[in-house]
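Each reported figure results from applying straightforward, stated rules to the coordinates on display, with no laboratory input. The model shown is predicted, which means the values in this text are computed figures rather than measured ones. Using ideal geometry, Cβ is built from the backbone for each residue, glycine included, and neighbour counts are taken over all protein chains shown.
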Amino acid sequence: MGLTKAAAPEYAAQGIRVNSVGPGYTDTPLLAGVPAETHDALVGMHPIGRLGMSEEVADLVIFLLSDQASFFTGSYHLVDGGYSAR
């Protein structure tokens, strides 16, 4: 987050936006081998009641790269299904 906040004002005059994304537990092949009990415990730690999908993280990145996010710079965005809000 510190690097994001430092780089954003440094590059803003050049039209470069700097943001960061913090994905939470995401249902990927990395988690495919965890025991069911561990998987269920991870799911239970998310108020939304499930793990994220890689497409959901990608959707945020695509938005941040789009012209719709032209006034976003220096920000950090969590994609964690409420995990960090607990």
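Annotations
- Distance in nm between pseudo-label sites at ASP67 and ALA32 (7 Å out along the Cβ direction from Cα): 4.0 nm
- Coarse-grained scattering of the stretch 20-67 at q = 0.13, 0.23, 0.24, 0.26 Å⁻¹, given as base-10 log I(q)/I(0) from a Debye sum over alpha-carbon atoms: -0.36, -0.85, -0.90, -0.98
- Relative contact order of the stretch 1-84, defined on C-alpha pairs under 8 angstrom at six or more residues apart (%): 47 percent
- When the convex hull of its Cα atoms is projected in every direction, mean area for the chain (nm²): 6.5 nm²
- Against the chain, whose longest principal axis comes from its Cα atoms, helix 2-12 is set at around 30 degrees.
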